[in-house]
Structures are given as C-alpha cells and as structure tokens.
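Asks: The structure that follows is given in the form of structure tokens.
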Amino acid sequence: MRTTSKVLSPEEIESFGREIDSLRERLAADLGSRDVDHIRNVIRAARYGEVAGRALLHFGPGPVSFALGVAALATAKILENMEIGHNVMHGQYDWTGDPDLDSRTYEWDTVCTGDAWRRSHNFEHHTYTNILGKDRDVGYGLLRMSAEQRWVPAYLGQPLYALALALGFQWGVGAHDLRLEEFLAGKRPLAELPERARPFLRKAGWQLFKDYAFFPALALWNAPRVLTGNLLANLIRNMWAFGIIFCGHFPDGVRVYREEEETREESRGAWYLRQLAGSANFEGSRLFHVLSGHLSHQIEHHLFPDIPAARYPEIAVSVREICERHEQVYSTGSFWEQFGSVVARIFRYSLPPGEALAIV
C-alpha cells in the first residue's frame, strides 16, 4: 500500500478530476428504486427501534429489559442521525421529489438545527475541507489535530476536552455554528449572540423536554428508569458519532492545508485531490457501514456528498482503482487502527511542537 502520494502535474490533476467526474455521472444516471427502498427501510427500522426501545424502558421489568431498551433506543438514534438525517440533508435523495426526504426542510433528532448543519457542515466543511482558517471542523475549535495549528498552553488539556466532546457530541455540534470563539475573541459583537443562539436554544429545549421530561412523565412511577435510559441512549449515540467522524477525518496520514499556500485558484481536479487527502476510510461489515451512515467510506462521501451513501461500498472499488493509477494514497484500515491513531494524535498534539516530535 502506498504511504505517500505522487505530486501530479497540472495535466495529471485534470485527468484525475475528469475520471472522478465521469464516475459521478455514471452513478447519478443509475439512481433508482433500490436507493429509495434502502433509505425507506432504514427509516422504518429506526422508527421500530425507537418504539421498541421506549416500550422496553417504560414497561419492561428488570435490568435485562432496561439494557435492551437502551440498546434499541440508542441504535434508533444512531440510524436517524447517521444514515438518515446526515445523508438526507446532503441532498442525496432530493431527486426523488419526496417531501420527507427533502434536504432543505429535514429536521433530525439532535440539538443541532438542520439549518445550522447545512450551513456549517454541508457548505463550510465540504467546500473548504481541512483548510486552516476556513474549515472550522478541524479540531472543532477545541482540539489541535495537526502540526500546522499553532500550539497554545490551553491545548495541554485537550485529552480531557476530547473526552467531554465525545460524551456530549450533539452539544458540541449544536453549538458549533454559534461561532462562540469569534464572540470571545471580539471578532463579533456580543449583542448579536442572543439572536444567533435563539434557534439552537429552541431546538435544544425541545430535545431536553422530549427525552428528560415528556417521556419520563408518561412513565409515571417508572420515570427515573426512563430518564436514565434516555440519557444512556444519548450518550451512546454521542460517543458513536464522535468515533465515526473523528476516524474519518483525523487519523494519521490525513492532510491539513494552508489556504494561501496550497489552495489558491484550486481547480476541480485539485479539489477532488484535497477531499481524498483530507479523508480516511475504515473497514467493517455491512451493518457496521449502515450504522456509521456509510461514513466508514469518508473518502467517497467527500468526493460525492450528494450521492446516496449506500452506494459508497461499490463506488469505493472504482475510486481505489483511479487512485492507484494516479499513484495517490487511499487511506483505509480497521476501525480500531484508525481510532487508535486518532487518540494518539489527540495526545501528541496537546504538547508543544518539540515535545510532540519527541514522542512520535
């Protein structure tokens, strides 16, 4: 397996881009009933899972039914966020004309509003992937994940910040579009913050009410069991999403770019190469891919964000072949290999540059 990519000439970059464009055109022309059947089956599974999970938490006796209820509810939340919400909001099913699958109006089961996600993720992250100063997903404003980020003493605590982010990941994502760091740095007037925060606070309030007041109240004397089960299901969903997203963006080998030096007047082919170099895949079963929202194929997702994600495993064969012919690294490995390198990177880059190099 290649460990470094060949530096391509402008002509080779354009050739690479044309091949990726051609692949995308073939995929778009082939979309049809099997794509719709897949997403509707997953929606059905998520709904049944939620009903089963809540019923087990509300009415099931003993610890076994409690554990099964938490597992079912957590799985339903993972499916809704990863394979349904994230992919629908990317416009992967807009071509169906189904209002329930409309990327512009879909609202998901998490504290982050759909509009905030479409703005900070679909536009900012997918347009400016891994460009320092443009892609705010690099470290989520909390973590130093590359040598290109300037070290400050506050990063010494980033292993703890990362743990807190994993446990409360929906809250980190939900607050991400508030751009709190800009208000704290004086780049935006504080008077603007209440208006900017209003949609987030409204959505967060609804989520808190639903999971920690409404459903527990319905359970009457079983309210503590239901509240605890909902809390655990949300924690599992948060940690799962954190692991999947960080393994696709921050394992060793993923590149970070400087805007002025490396991405000025970027061509379409060069944009594709940046998506390739700024992403990583990890391997697993078909069920694992579905539970990850097919973000186990992060490379294909960044190349084709608006193609139904269930197609990524079959697309990967062609993408890998194109990369091999152009002598480009196609970063992949087991989930635990990628996760281990992410954890090592969090610890390594928490240290000053000289110290970090000493433990590589």
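Asks: May I ask for the distance between the Cα centers of the stretch 337-351 and the stretch 95-159, given as a whole number of Å?
Replies: Their Cα centres are 20 Å away from one another.
Asks: Between residue 195 and residue 126, what length in nm is gained on full extension when 0.36 nm per residue of separation is reduced by their alpha carbon distance?
Replies: 22.2 nm
Asks: Using a 7 Å offset from the Cα along the Cα-to-Cβ direction at both residue 67 and residue 40, what is the distance between the two label points in nm, to one decimal?
Replies: About 3.7 nm separates the two model spin labels.
Asks: Which of 201, 180, 190 moves the most in a Gaussian network model of the chain with Cα springs under 10 Å?
Replies: It is 190.
Asks: Take the alpha-carbon centre of the stretch 242-289, take the same for the stretch 13-59, and report the distance between them in whole Å.
Replies: What the calculation gives is 21 Å, centre to centre.
Asks: Also, quick follow-up: Could you list the residues of the stretch 129-156 with an amide nitrogen less than 14 Å from a label point located 7 Å from the Cα of residue 266 in the Cα-to-C-beta direction?
Replies: 129-138
Asks: Ignoring any ligand, DNA or RNA, what whole percent of the accessible area of the stretch 102-173 comes from carbon and sulfur when the probe is 1.4 angstrom? If you can, show how the numbers build up before the last one.
Replies: Numbers: 1890 of 3010 Å².
Summing carbon and sulfur atoms, their accessible area is 63 percent of the total for the stretch 102-173.
Asks: Report, as a whole number in µm² per second, the diffusion coefficient that Stokes-Einstein gives for the chain at 10 °C and 1.306 mPa s using the Kirkwood radius over alpha carbon pairs.
Replies: Details: Rh = 21.7 Å.
For these conditions, the coefficient is 73 µm²/s.
Asks: Given axes a ≥ b ≥ c from the Cα gyration tensor, I'd like to know whether the stretch 252-360 is rounded (a/c under 1.5), prolate (a/b larger than b/c) or oblate.
Replies: Details: a/c = 2.18, a/b = 1.23, b/c = 1.77.
Oblate shape, in that a/c is at least 1.5 and b/c is the bigger or equal ratio.
Asks: Give the whole-number value, in cubic angstrom per residue, of the convex hull volume spanned by the C-alpha atoms of the stretch 121-274.
Replies: 149 Å³
Asks: With the alpha-carbon atoms as the only input, what is the per residue convex hull volume for the stretch 62-116 in Å³?
Replies: 79 Å³
Asks: From largest to smallest, what semi-axes in whole angstrom does the stretch 4-73 give when each is the square root of 5 times an eigenvalue of its alpha carbon gyration tensor?
Replies: Values for the stretch 4-73, descending: 48, 19, 5 Å.
Asks: Turning to a different aspect of this structure: Using only the alpha carbons of the stretch 234-313, determine the length spanned along each of the three principal axes and report them from longest to shortest in whole angstroms.
Replies: Answer, in whole Å and largest first: 41, 26, 20 Å.
Asks: Treating only the Cβ atoms of Lys and Arg (+1) and Asp and Glu (-1) as charged, compute the dipole magnitude of the chain about its Cα centre; round to the nearest 20 debye.
Replies: Dipole magnitude for the chain comes out near 1160 debye.
Asks: Give the angle, between 0 and 90 degrees and rounded to the nearest 10, that separates the Cα long axis of helix 312-325 from the longest principal axis of the Cα atoms of the chain.
Replies: It is inclined by approximately 20 degrees.
Asks: Moving on to the next point. Could you work out the relative contact order of the chain, using alpha carbon pairs under 8 angstrom and six or more residues apart, expressed as a whole percent?
Replies: Contact order relative to length: 26 percent.
Asks: Shifting gears a bit: How much length would be gained if the chain were fully extended between residue 4 and residue 18, taking 0.36 nm per residue of separation minus their Cα-Cα distance, in nm to one decimal?
Replies: 2.8 nm
Asks: So which trypsin sites (Lys or Arg not before Pro) in the stretch 257-317 end up in coil per DSSP with only 15 or fewer other C-beta atoms within 10 Å?
Replies: Here the trypsin sites (Lys or Arg not before Pro) that fit, given the DSSP loop and packing criteria, are 264.
Asks: Hey, what's the chain come to in accessible area per residue, 1.4 Å probe, Å²?
Replies: 47 Å²
Asks: Suppose every K and R has +1 on its Cβ and every D and E has -1 on its Cβ; what is the size of the dipole of the stretch 128-258 about the Cα centre, in Debye to the nearest 20?
Replies: Its charge dipole is roughly 160 debye.
Asks: Starting from the Cα of residue 187, step 7 Å toward the Cβ, then list every residue of the stretch 126-141 with an amide N under 14 Å from that point.
Replies: Inside the label zone: 131-141.
Asks: Using 0.36 nm per residue of separation minus the Cα-Cα distance, give me the extension gain between residue 209 and residue 180 in nm, one decimal. Intermediate values should be presented prior to the final figure.
Replies: On the way: separation 29, 0.36 × 29 = 10.44 nm, distance 2.44 nm.
Length gained, residue 209 through residue 180: 8.0 nm.
Asks: Can you tell me which of 266, 80, 182 moves the most in a GNM of the chain? Springs connect C-alpha atoms under 10 Å apart.
Replies: It is 182.
Asks: Volume per residue, Å³, of the convex hull around the alpha-carbon atoms of the stretch 116-179?
Replies: Convex hull of Cα atoms, per residue: 82 Å³.
Asks: In addition: Ignoring ligands, DNA and RNA, what percent of the accessible area of the stretch 210-360 is carbon or sulfur (1.4 Å)? Working shown, then result.
Replies: Working: 4020 of 6460 Å².
Of all accessible area on the stretch 210-360, carbon and sulfur atoms account for 62 percent.
Asks: Further question on the same structure: Starting from the Cα of residue 55, move 7 Å in the Cα-to-Cβ direction to define the label point; list residues of the stretch 74-117 whose amide nitrogen is under 16 Å from there.
Replies: Counting backbone N atoms under 16 Å from the label point, the list is 74, 76.
The values are calculated or read from the model by the stated rules, or taken from the named source; none is laboratory data. Just so it is clear, the model here is predicted, and its values are computed rather than measured. Don't worry about glycine lacking a Cβ; one is built from the backbone with ideal geometry, like all the others, and counts go over all protein chains shown. Surface accessibility is based on the protein's heavy atoms, side chains included, excluding ligands, DNA and RNA. Shrake-Rupley method; radii C 1.70, N 1.55, O 1.52, S 1.80 Å.
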